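Asks: Once you've had a glance at the structure underneath, I'll fire off some questions.
The values are calculated or read from the model by the stated rules, or taken from the named source; none is laboratory data. From a predicted model like this one, the values you see are computed outputs, not experimental measurements. All Cβ positions, glycine included, derive from the backbone under ideal geometry; neighbour counts span all protein chains shown. In case anyone asks, the SASA skips ligands and DNA or RNA and just uses the protein heavy atoms, side chains included. Shrake-Rupley method; radii C 1.70, N 1.55, O 1.52, S 1.80 Å.
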Amino acid sequence: MNPGIETTQLKDIVAHAKEYGFVFQSSEIYDGLAAVYDYGPNGVELKNNLKRLWWEAMTQLHGNVVGLDAAIFMEPRTWVASGHVAGFNDPMIDNLDSKKRYRADVLLEEKAAEYENAGDPARGAALTAEMGRLLTENDLAGVKELIIRENIKCAVSGTCKWTDVRQFNLMFSTQGSAVDSDAPPVYLRPETAQGIFVNFLNVQKSARMKIPFGIAQIGKAFRNEIVARQFIFRMREFEQMEMQFFVRPGTEGEWYDTWKAARRRFHEAIGLPASKLRFHDHDKLAHYAKAAVDIEFEFPFGFKEIEGIHSRSDFDLTQHQELSRKKQQYFDNDVDPATGKPYGNYVPYVVETSVGADRLFLATLCEAFQEETITEGEGEAQQTKTRTFLKLHPAVAPIKAAIFPLVRKDGMPEKAQEIFDALRFDFRVVTEERDAIGKRYTRQDLIGTPFCIVVDGQTLEDDTVTVRHRDSREQTRMPISELRTYIGEAVSFRRVFEKL
Ligand code: GAP
């Protein structure tokens with residue numbers, strides 16, 4: 001499938017995300033800024049829950065992982081040392097008829113996927129391998145030849161008239177100094193990882209960390225993506241959740257396997273089904289990586305990367321050591337059984353886990369989006385309709401419970417308010433009085449609220465309420481005094497953590 005063509009389901013999800021306050025196009029009233037998005041009231045809650053889950057899964061669950069919040073701007077030499085100034089490029093190609101610009105590697109990957117979908121995976125794999133080889137050798141003429149040989153056409157003009165392939169640096173830059181126009185530009189970081197590398201010793205010393213240990217960070221990153229599409233999948237401003245795990249050289253293979261498995265478990269624990277997740281080893285390694293694997297999720301537009309796990313060796317720390325002339329070494333006083341002496345000084349190796357908060361959000365939303373046919377009413381009044389709801393894991397749902405008085409009289413609104421006041425200290429809850437109860441259920445289903453609590457006549461007599469479950473639509477009656485524990489257990493992060 002051509003990922004440029006949005007599937008009906010993705011279109012529905014994009015429309016749903018806008019209508020129900022999850023994601024808006026940035027500066028929409030000016031027709032929007034391409035590949036930049038804003039999160040609405042429900043979106044920000046969902047995204048914050050995902051970020052908090054990741055943060056706690058890293059820093060709270062691991063005694064040897066600590067956090068950091070580094071600045072977006074960094075001394076420009078950082079990006080020389082990291083290799084981004086010279087090597088953070090995408091190969092691009094333009095169609096001469098439509099003037100449309102494409103990523104050359106994406107065109108070839110799509111062609112390979114076409115072969116795979118048509119039942120010829122060997123041909124797809126051969127094409128991917130050939131592309132990987134050409135890109136590694138920086139043979140851009142060869143990449144163009146391959147595109148032509150594969151008869152890849154522009155989706156707009158339908159022609160094969162291509163320009164040469166050129167490398168395009170993805171970093172955004174801005175003026176670094178208000179007084180010195182010759183000052184080098186300051187970059188907007190294209191990954192959060194470098195803020196971790198340059199703080200390696202600050203963190204290690206101040207938090208008295210012993211190798212192996214990790215530093216976790218959540219923050220914005222910026223890339224001038226050539227091909228920006230598929231909604232929030234590929235954005236120019238996005239958020240990363242990265243963790244650099246510093247290890248003794250020689251142990252990186254074990255840690256790579258450990259984190260690879262741990263990160264996959266995380267995605268399954270928040271509700272992404274195992275059947276829609278897969279590992280994909282990189283054909284072309286980034287300039288810093290010795291080994292790399294993606295965790296891919298099956299979006300409506302196919303399997304695509306949500307997280308990368310990279311074995312970065314001592315590449316980054318050594319580069320920073322050389323350019324800054326500041327030693328980036330660690331003294332390991334553990335005894336090497338082979339020599340009977342301490343391991344001593346070394347530049348640690350790094351295993352990195354890097355997941356995009358926005359891609360995780362999109363995967364979660366795609367998986368949660370459900371349309372089911374239901375039958376309502378009885379006898380002649382019976383009708384069949386489609387119910388749309390978000391089957392979000394309760395731990396990440398934007399709102400945990402909605403409290404409804406059945407009618408707007410007889411003291412029911414006051415009772416609903418009382419329940420709201422009791423629950424709001426623990427959970428994000430709302431009250432709603434307007435419209436028939438069915439409509440109110442529907443509104444909460446559409447944003448993924450796991451529980452709707454209804455105050456009715458009986459509540460006023462015995463202090464019990466009905467709790468309606470989003471997924472089954474079943475209702476149970478329970479005392480108000482039990483609500484806190486009941487909801488608390490369902491929405492607790494512990495539910496996710498226990499599966500890790
Ligand atoms: N520090 C390593 C690194 O940045 P990456 O594979 O380039 O590796 C890591 O990016 C993750 O960041 C990706 O798996 C993806 O989830 C997210 N990401 C990268 N580019 C993105 C973009 N343009 N829009 C949204 N998310 C992006």
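Asks: If you take every DSSP beta bridge fully contained in the chain, what fraction is antiparallel? Give it as a percent rounded to 5.
Replies: 85 percent
Asks: Another question about this same structure. State, in angstrom, two size descriptors of the stretch 283-351 derived from its alpha carbons: Rg to one decimal place and Dmax to the nearest whole number.
Replies: Cα only, the stretch 283-351: 17.5, 56 Å (Rg, Dmax).
Asks: Going by Cα centres, the stretch 433-500 and the stretch 152-201 are how many Å apart?
Replies: 48 Å
Asks: Which of the aspartates and glutamates could a cross-linker span from Lys415 if the Cα-Cα distance has to be under 19 Å and same-chain partners fewer than 8 positions apart are dropped?
Replies: Qualifying aspartates and glutamates at Cα under 19 Å: Asp426, Glu432, Glu433, Asp435, Asp456, Glu461, Asp462, Asp463, Glu482.
Asks: Between Leu33 and Ala141, take the C-beta separation as r, use R0 = 25 Å, and let me know the FRET efficiency to the nearest 0.05.
Replies: FRET efficiency, Leu33 to Ala141: 0.15.
Asks: Across the Cα atoms of the stretch 456-500, what radius of gyration and what greatest pairwise Cα-Cα distance (Dmax) are found, in Å?
Replies: Considering the stretch 456-500 through its Cα atoms, Rg and Dmax are 13.3, 44 Å.
Asks: Kindly identify the stretch 57-131 as rounded, prolate or oblate by the Cα gyration tensor criterion: order the square roots of the eigenvalues as a ≥ b ≥ c, call it rounded if a/c is under 1.5, otherwise compare a/b with b/c, prolate if a/b is larger, else oblate.
Replies: Working: a/c = 3.10, a/b = 1.56, b/c = 1.99.
In terms of gyration-tensor shape, oblate.
Asks: What is the angle, in °, between the Cα long axis of helix 357-368 and the longest principal axis of the Cα atoms in the chain? Nearest 10 is fine, range 0 to 90.
Replies: The angle comes out at about 40 degrees.
Asks: Suppose all protein chains stay in the model; what accessible area per residue would a 1.4 Å probe give for the chain, in Å²?
Replies: Roughly 47 Å² per residue, with all protein chains present.
Asks: Over all alpha-carbon pairs of the chain, lay out the pair-distance distribution in 20 Å bins, whole %, shortest bin first.
Replies: Calculated P(r), rounded to whole percents: 20, 48, 27, 6, 0.
Asks: Against the longest alpha carbon principal axis of the chain, how many degrees, from 0 to 90 and to the nearest 10, is the axis of helix 41-55 turned?
Replies: Roughly 60 degrees, rounded to the nearest 10.
Asks: May I pose another question? Ratio of alpha-carbon Rg to the 2.2 N^0.38 Å globular estimate for the stretch 248-287, to two decimals, please. Working shown, then result.
Replies: On the way: Rg = 12.8 Å, N = 40, 2.2 N^0.38 = 8.9 Å.
Here the Cα radius of gyration is 1.43 times the empirical estimate.
Asks: Here is a follow-up. How much length is gained on full extension from Ile148 to Phe73, taking 0.36 nm per residue of separation minus their Cα-Cα distance?
Replies: My answer for the length gained is 22.9 nm.
Asks: So how long is each side of the stretch 185-343 along the principal axes, counting just the alpha-carbon atoms, biggest first, in Å?
Replies: 55, 42, 29
Asks: For the chain, give the percent of accessible area contributed by carbon and sulfur heavy atoms, probe 1.4 Å, rounded to a whole number.
Replies: C and S atoms contribute 48 percent here.
Asks: By its C-alpha gyration tensor, with a ≥ b ≥ c as the square roots of the eigenvalues, how is the stretch 195-256 shaped: rounded for a/c under 1.5, else prolate for a/b larger than b/c, else oblate?
Replies: Values: a/c = 3.53, a/b = 2.05, b/c = 1.73.
Judged from the Cα gyration tensor, the stretch 195-256 comes out prolate (a/c at least 1.5, a/b above b/c).
Asks: So what is the relative contact order of the chain, in percent, for Cα pairs below 8 Å that sit 6 or more residues apart?
Replies: Numbers: 900 pairs, mean separation 68.6, N = 500.
Answer for the chain is 14 percent.
Asks: Follow-up question, since we're still on this one. Could you grab the relative contact order for the stretch 364-500? Cα pairs under 8 Å, six or more apart, rounded to a whole percent.
Replies: 23 percent
Asks: Quick one: grab Rg to one decimal and Dmax as a whole number for the stretch 114-259, Cα atoms only, in Å.
Replies: So, for the stretch 114-259, Rg and Dmax equal 21.2, 61 Å respectively.
Asks: Tell me the Kirkwood radius of the stretch 20-95: reciprocal of the mean inverse pair distance over distinct alpha-carbon atoms, in Å.
Replies: Computed over Cα pairs of the stretch 20-95, the Kirkwood hydrodynamic radius comes out at 16.6 Å.
Asks: Note down the Stokes-Einstein diffusion coefficient of the stretch 1-141 in µm²/s, whole number, using a Kirkwood radius over alpha carbon pairs, 10 °C, and 1.306 mPa s. Walk me through the numbers before you get to the answer.
Replies: Details: Rh = 19.8 Å.
The diffusion coefficient I find is 80 µm²/s.
Asks: How tilted is helix 315-324 with respect to the longest principal axis of the chain? Cα atoms for both, answer in degrees (0 to 90, nearest 10).
Replies: 60 degrees
Asks: How much of the calculated P(r) for the stretch 14-59 lies past 14 Å, in percent of all Cα pairs?
Replies: Percentage above 14 Å: 56.
Asks: Sticking with this structure for a sec: Quick one: Cα centre-to-centre distance for the stretch 353-429 and the stretch 8-76, in angstrom?
Replies: A separation of 21 Å, based on Cα centres.
Asks: Given the -39500 (n - 2.57) contribution per DSSP H run of 4+ residues, what per-residue ellipticity at 222 nm results for the chain, rounded to the nearest 500 deg cm²/dmol?
Replies: Helix-only estimate at 222 nm: -10000 deg cm²/dmol.
Asks: Just the ratio, please: alpha-carbon radius of gyration of the stretch 350-486 over 2.2 N^0.38 Å, N its number of residues.
Replies: The reported ratio for this selection is 1.21.
Asks: Next question, about the same structure. What is the stretch 316-391 by shape, rounded, prolate or oblate, if you read a ≥ b ≥ c off the alpha carbon gyration tensor as root eigenvalues and call it rounded for a/c under 1.5, prolate for a/b larger than b/c, and oblate otherwise?
Replies: prolate
Asks: Of Lys276/Lys439; Lys11/Lys276; Lys220/Lys327, which ones are farther than 31 Å apart at the Cα? Walk me through the intermediate numbers first.
Replies: Numbers: Lys276/Lys439 33 Å; Lys11/Lys276 20 Å; Lys220/Lys327 28 Å.
Lys276/Lys439, as the Cα separations exceed 31 Å there.
Asks: Lys/Arg Cβ at +1, Asp/Glu Cβ at -1, dipole of the chain taken about the Cα centre: which of Gly356, Leu390, Val198 is farthest positive-ward?
Replies: Final value for the positive-end residue is Val198.
Asks: Find the Cα radius of gyration of the stretch 352-394, compare it with 2.2 N^0.38 Å by division, and give the number to two decimals.
Replies: 1.85
Asks: Let me ask you something else. Just need the relative contact order of the stretch 448-489 here, percent rounded to a whole number, with Cα pairs under 8 Å and 6+ apart.
Replies: Numbers: 51 pairs, mean separation 13.1, N = 42.
Averaging sequence separation for qualifying contacts and normalising by length gives 31 percent for the stretch 448-489.
Asks: Calculate the all-directions average of the projected area of the stretch 249-364's alpha-carbon convex hull, and give it in nm². Kindly include the intermediate steps, with their values, before the conclusion.
Replies: On the way: hull surface 37.7 nm².
It is 9.4 nm².
Asks: Of Pro249, Asn224, Cys452, which is farthest along the charge dipole of the chain in the positive direction, counting Lys and Arg as +1 and Asp and Glu as -1 at C-beta?
Replies: After comparing all options, I get Pro249.
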